[in-house]
Amino acid sequence: MNYTLNQLRVFVKVVENKSITKASEELHLTQPAVSIQLKNFQNQFEIPLIEIVGKQVYVTDFGQEVAEAATKIIEQANEINYKSLAYKGSLVGKLNLTIVSTGKYVMPYFLSDFLSENPGVELNMDVTNKSKVVESLKLNEVDFSLVSILPKSPKVEGIKLLQNKLYLVCSSKLNPPKQKNMKKLFEKLPLIYREKGSGTRQSMEAFLQDNQIPSIKKLELTSNEAVKQAVLAGLGYSIMPLIGIKNELINGQLKIIPLKKMPIITDWQLIWSKGKMHSPAAKALLSFIKEKKQVIVDNQFSWYEEY
């Protein structure tokens, strides 16, 4: 046996997510990189750890036992690292975050330099929909959450990071009807929705309701990426966060349909339960963001101000 800690981490993430794609997103690695590590790890065992049927990952009983052992090894290795860094006076600890799915285009930029400067801080960031993000806050499972619409409960405190701009978009292959009356325009557009519980859907429905706009629901999809691909394919139109369609706008695959009452604007906010006692790592991150926020916005999101 000659497996590495990196292989163990990759395998555990694949088992946790039952998906190579989701594991690669959480590990900030490409799918091929995760697949190679997984294959190299599997090659050290005669018994299968996982089975892939179609695109679905199934963990064998043996694989589950190995994953449990691997988790303990990783925790012990982390503990050694923490003790070493703490002995040298470095900041150590874990940060637990939940972020809404489109927040994956925002939050990493506010974490990158902080984590580079503090190698003793371990990050666990769950990318999910708004309903699960709010639930994690209620259960006090996380240090921070990233949302674009504040929850009604629990009571929270927060700091604004960046505006969230939503536009009506379509594939560049489509020619939307020329209609000055917004209500009549939407009556002719088949709309693609996010799933219930999504912050993007909440903003979209609030806009339609506030403007008394009837709409034709074409599809309902469970991720921003799925909506984007459906729009790119010409299946319909959608109101989407600008933050997630940068490349498609630049290369001309998507286009914004100009409307007087758009963009819909909310704010990306890093929030936490009111009165929460932050760990030293969480306090340090909060201080870092308050100090560096504008520099990060200027350096990483200058393109955003053009829209």
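Only the coordinates and a few stated rules stand behind these numbers; no lab work does. What you see is a predicted model; the values in this text were computed from it and never measured. All Cβ positions, even for glycine, are placed from backbone atoms using ideal geometry, and neighbour counts span all protein chains on display.
Brief remarks on what is shown
- Look at where the Cα atoms of region 215-256 and of region 127-202 average out, and the two centres are 13 Å apart.
- Antiparallel beta bridges, as assigned by DSSP with both residues in region 18-137, represent about 35 percent of the total such bridges.
- Local electrostatic count at G275 - Lys and Arg +1, Asp and Glu -1, tallied over other residues with Cβ under 15 Å: +3
- D by Stokes-Einstein for region 1-88, Kirkwood Rh over Cα pairs, 4 °C, 1.567 mPa s: 96 µm²/s.
- Highest-MSF residue in the chain out of Q229, Q44, Q202 [GNM, Cα springs under 10 Å]: Q44
- With a Förster radius of 25 Å applied to the C-beta separation of K290 and Y109, the computed FRET efficiency comes to 0.95.
- Aspartates and glutamates whose Cα lies under 18 Å from that of K22, excluding same-chain neighbours fewer than 8 positions away: E51, D126, E225
- Net lengthening on full extension, T4/N175 (0.36 nm per residue, minus Cα-Cα): 56.2 nm
- Computed FRET value (nearest 0.05) for K184 with T128, which takes r as the C-beta separation and R₀ as 35 Å: 0.40
- Residue among M182, M125, M107 with the largest mean-square fluctuation in a Gaussian network model of the chain, springs linking Cα atoms under 10 Å: M182
- Estimated FRET transfer efficiency when R0 is 22 angstrom, pair E117-Y304 (beta carbons, to 0.05): 0.30
- Between E205 and N247, the simple label model (points 7 Å from Cα in the Cβ direction) yields a spacing of 3.1 nm.
- Gyration tensor (Cα) of the chain, equivalent ellipsoid semi-axes in angstrom: 38, 26, 17
- Of Q42, Q56, Q64, the residue with the greatest mean-square motion in the GNM of the chain, using alpha carbon springs below 10 Å, is Q56.
- Nitroxide proxy distance, nm - points 7 Å out along Cα→Cβ at Q229 and S279: 3.5 nm
- Taking amide hydrogens as placed 1.01 Å from N in the peptide plane, the amide H of V156 sits under 5 Å from those of K274, each at least 5 positions away in sequence or on another chain.
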